[in-house]
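The values are calculated or read from the model by the stated rules, or taken from the named source; none is laboratory data. Remember, it's a predicted structure, so these values are computed and weren't measured experimentally. Positions of Cβ are generated from backbone atoms using ideal geometry, with glycine treated the same way; all protein chains shown enter the neighbour counts. Accessible surface areas use protein heavy atoms only, side chains included; no ligands, DNA or RNA. Shrake-Rupley method; radii C 1.70, N 1.55, O 1.52, S 1.80 Å.
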Amino acid sequence: MLLLTHESKSVAHNMYTVKRSFQNILYYPSAVVGLLVVFLLVFVAVYAMVKIPYKEAIRLWRGGEEVWYQNPKFAPPAWINYFSSRKYAESFAVRTSDGTMIKEVIPGAEGTSTISTSYTFDFTYDYYPQEMILYLTSTYEEKQPFISAELLTPDGRTIRIINLALSQKQTYRFSQDDKLRTRLRTEDVIPELFSDPETGKLLKGQYQLLLTGTTFEPDSDINVEFVFHGQVYGLAGTDHARRDLMVPLLWGVPVALAFGLIASLGTSVLTMVIAALGTWYGGWLDELIQRITEINLVLPFFSILIMVGTFYSRSIWVILGVTILLSIFTGAIKGYRSIFVQVKESMYIEAARAYGASNPRIVFLYLIPRMIPLLIPGLVSSVPAFVFLEASLAVLGLGDPVLPTWGKIIEDANANGALYRGYYYWILEPATLLMITGLGFAMLGFALDRIFNPKLRDI
């Protein structure tokens, strides 16, 4: 009974010490900033997993033209217009199926119908768009519908674009129409459509796309999707495969946090437990742990991970397991052991022995809890190292081929010459998130170290 009371007091004292130490975080501005960054990352991670479920994220990340056809290639984010004196054209896509394009059906005689579709947009940019595309779908049994398209310009001109009989699915690219080139007497269709015919300069204002279709069967129908490829797109831009970089930027947060936290927690806890067991039991067990540690210290950690990724598996879980395994037997074991040797001779340990406490009880209820104040700062501070490790492997082409991660973005950017071609956003966005993550955990870890270690409070 006395033993249980003593254990309860010991555990309660340790919990009180940890709780009071965390309350002191508010007195350190760096800790508050670090906490805000960590909470923000956690919030973004939860938002990403709820907004874009895992299967959907994988489908988007591995999707090709059939998924990302609406996006232009190599498009910087739209917010760069706020920092540029000349505005880049923004991309958009509208369709009749969701009501973003106006569609009017006028029934005619003998089962025919006239379908009018229009979309009005303001073009106030200083650069011509890259491309305009029409995705046309129709339903019919025998008689193909007919459609014509016109573009109304701000200066009152009407430019005839196409006249054609529709198949069930058809794609029309403005810049690739030879007839339109002949009609406009130019090789560059898009600039000609958006230029003043007299001055040759870019013509700003309100444009309207008009499509008039005719169906010849009662149940026949026409639907239109209009895709406008500008120079910029969305909040994060696009890559070489037209993929919206917001997907890997968002999903990179939960992947980075999961890898960093699991690796840090697993390594720290297992290292402490193994050091405590070796110190308490001593003998051959302690000798074995020390020899394994000394051998592991001379092994090339990063090279082993590269070999595993090259010859065995690039799965993030395999890499995570090998990372934890190689990070257990490090110099931290010797540090913990030196502290446990001192704690082992403490009076409360002798009292526990006198009360008849078993060896496992002493290790897990007396030795290890005393180390928790030292464990927490190191655990938090080591998270960025594991996050950067995962990103580094991905940059080298050894990251998980399935998951969208920050390192994978940088690898794709490097493979496509992003820096040489001026696509700085492609590398700066994930690199910035990596730096913010590292800074947040580092500031919090350093503050916790000062809180739990009184000798550092004046530093």
Determine the pairs where a residue that is over 15 Å from Glu131 (Cβ atoms) and among the aromatic types (Phe, Trp, Tyr), located within segment 173-190, has a partner that is buried (at least 16 other Cβ atoms within 10 Å of the Cβ) and at pLDDT 90 or above with Cβ atoms under 6 Å apart, the partner being 6 or more residues away or on another chain.
none
Restricted to segment 294-310 and to residues being within 27 Å of the chain's Cα centre (by Cα) and either without any contact (Cβ under 8 Å) to a residue 40 or more places away in the chain or open to solvent by 60 Å² or more (accessible area, probe 1.4 Å) (or both), the residue nearest to Gly282 (Cα to Cα) is Phe301
Tell me the strands (runs of 3 or more DSSP E) entirely within segment 135-186 that contain at least 2 residues that are more than 41 Å from the chain's Cα centre (by Cα) and surrounded by fewer than 17 Cβ atoms within 10 Å (Cβ to Cβ).
146-152, 158-165
Filter pass, Val343 being touching a Leu at 6+ places or on another chain (Cβ under 9 Å) and either hydrophobic (A, V, I, L, M, F, W, C) or at pLDDT 85 or above (or both):
yes
Checklist (1) assigned to a loop (DSSP other than H, G, I, E, B); (2) within 30 Å of Tyr423 (Cα to Cα); (3) in contact with a helix residue (DSSP H, G or I) (Cβ under 8 Å, 6 or more places away or on another chain); (4) open to solvent by less than 70 Å² (accessible area, probe 1.4 Å) applied to Ile190, failing item
(1)
Scan (1) in a strand (DSSP E or B); (2) touching a Leu at 6+ places or on another chain (Cβ under 8 Å); (3) open to solvent by 80 Å² or more (accessible area, probe 1.4 Å); (4) of a type outside the set (Lys, Arg) for the single condition Trp79 breaks and write down its number.
(1)
Determine, yes or no, whether Gly378 is at pLDDT below 90, surrounded by fewer than 23 Cβ atoms within 10 Å (Cβ to Cβ) and on the phi > 0 side of the Ramachandran plot.
no
For residues that are open to solvent by 10 Å² or more (accessible area, probe 1.4 Å) and not small (Gly, Ala, Ser), scanning just segment 235-246, find the one that is nearest to Ala418 (Cα to Cα).
His240
So Thr323 passes all but one of these: (1) touching a helix residue (DSSP H, G or I) at 6+ places or on another chain (Cβ under 6 Å); (2) modelled with pLDDT of 85 or more; (3) surrounded by fewer than 17 Cβ atoms within 10 Å (Cβ to Cβ). Which condition number does it fail?
(3)
Which one of Val44, Val38, Val32 is open to solvent by 30 Å² or more (accessible area, probe 1.4 Å), touching a residue at least 24 places away in the same chain (Cβ under 8 Å) and in contact with a helix residue (DSSP H, G or I) (Cβ under 7 Å, 6 or more places away or on another chain)?
Val44
Test: residue in segment 105-113 that is assigned to a helix (DSSP H, G or I), aliphatic (A, V, I, L, M) and either open to solvent by 30 Å² or more (accessible area, probe 1.4 Å) or touching a Pro at 6+ places or on another chain (Cβ under 8 Å) (or both):
yes
